[in-house]
Each structure stands twice: as C-alpha cells, then as structure tokens.
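A short reminder: the numbers here are calculations on the coordinates, not readings from a lab. From a predicted model like this one, the values you see are computed outputs, not experimental measurements. In this analysis, Cβ positions are derived from the backbone assuming ideal geometry, glycine residues included, and neighbour counts consider all displayed protein chains.
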Amino acid sequence: MSNTAVKMTSIATLIAILAFASATQAQEGYLIDGRKAVVKSGFSLCWRTNQWSPAMAIAECDPDLVKKEAPAAPPAPKAAEPIKAPAAAPATSPPAAPKVITIASKSLFDFNKAVLKPEAKGKIDKEVLNKIQEIGKIKLIVVAGHADRIGAAAYNQKLSEKRAEAVKAYLVGKGIDGNAIETMGFGKTQPEQGVAKCDDKLPRKKLIECLAPHRRVVIEIQGTAK
C-alpha cells in the first residue's frame, strides 16, 4: 500500500473515531472514546482537548512531560570506606511545552481555495517560523487543516487536507525537515469554538465572511527547549 493510501486510511479512521468520541469529555486533557481509551491518530499521536496543559500530561501520550519518580536512595557506604562524590549528571534540555498556533484561513487562502495567498507567507513567517526558532530541537510538527460547513463533507475533507499540505510545502521550502511534519484534514467536523454563530439564512457573501474563523489551519510544534 502506498504512503498516500496509508495516510488516507489513517485519516479516515481518525475522523470516524473523533466523530464517535466528540460527545465524550476528555479526562486529564485528552480526547477519550467510548471505551475510555485515549483517541490517537494513525501515527499514534494522542489528541488533546482545548483544556490540555503540560500539568495534565500522561505517560502514554507525553512521557517527556511526566515527572519521573525519584530513584531510591543508594545504601549508606561502609564506615571504613571513603565516600566518593557522585559524578555530575550530563546536562539535558527539558522538553519544551507544545506550542499551538491557529491561523485563520482567510489570512492564508481565498474562499474555497488551497493555494497560499502572497500575504499568507509573511504571516506564516511571523507566527510560525519565528516560534520555531525558540525551540532547540524539533520533534514533531502537526499541521491540521479545517473547513467551514458550506459544501459537501467529502469535498470539505479534501479541501482541508490540501490546505494542510500547502502549509507543509511552504515550511519545507523554508528549511524545515519534511519528515518532522505530519499533515491531516478534518473537513468541517471541528468548527472553531467560541465564535459567533452564523445564520444559514444570511446572504451567501455574508455567510462566507461570518464562517471565516472556521476555515483555519492549526499547527502544533513539539520539541526540546534551547
């Protein structure tokens, strides 16, 4: 099976899982399905809710963020033996808190399009590439595309995937390792929360403008601190 086919199968499976689990609240910041298991992508990435914070990290999903138990104290040395100073542990960079960046599609693409607008590149440079510079080593970048509710579900799914791929291509062109970038599309299944509701009876132009916040790309960057 080709990589494209595998990715499409993974995405389709993920969408089905998310649709089944959408009414279930997450425990400790992660999306939970009907079996009380953490929902994961085709690449075994756990999906977090908007309420997630590093303090909610669990070993199954974010082992680098979970506090390790202190090792048991070594036995006291014999009185006749000199006490040797322990060797200094090598310095390591702690994991950087994941950075989640949401960019409205109206700033990146025209309505019903997946081609980056000229001004979109400057926005990505400012909001994404500048934040990447704050990270020591990049472990993973997840680019998720979204669409509004106008149009058929299958069409919006393809459109959201193309938008995510367009952003990935630009990041790769800026020197980011493409192997560290995962893309996926959610179509119109995850409308942006906390925005004004749009009446479908509005004139089409007004409705398109109102639904702009739902047409977006969400980028999550994970890595180690400098």
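At-a-glance table
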quantity	calculated
Listed pairs Lys174/Lys226; Lys126/Lys206; Lys126/Lys197; Lys139/Lys188 exceeding 24 Å between Cα atoms	Lys126/Lys206; Lys126/Lys197; Lys139/Lys188
Over the stretch 93-226, relative contact order from alpha-carbon pairs under 8 Å, at least 6 apart, %	44 percent
Highest average packing first - 164-171, 124-131, 144-151, Cβ atoms within 10 Å	144-151, 164-171, 124-131
Built amide H within the under 5 Å cut-off of Lys139, gap 5+	Gln222, Gly223, Thr224
FRET efficiency, Ser53 to Lys123 (Cβ-Cβ, R0 30 Å, nearest 0.05)	0.70
Note, ³J(HN,Hα) from phi for the stretch 126-143, Karplus 6.51, -1.76, 1.60, rounded to Hz, x at Gly and Pro	6, 8, 10, 4, 5, 6, 4, 5, 7, 9, x, 10, 7, 8, 6, 10, 9, 10
For Thr183, distant residues with modelled amide H under 5 Å away	Val143
Per-residue Cβ neighbour rank within 10 angstrom, fewest leading, Ser44, Ser53	Ser44, Ser53
From phi via Karplus (6.51, -1.76, 1.60), per-residue ³J(HN,Hα) for the stretch 179-184 in Hz, x at Gly/Pro	5, 8, 10, 10, 10, 7
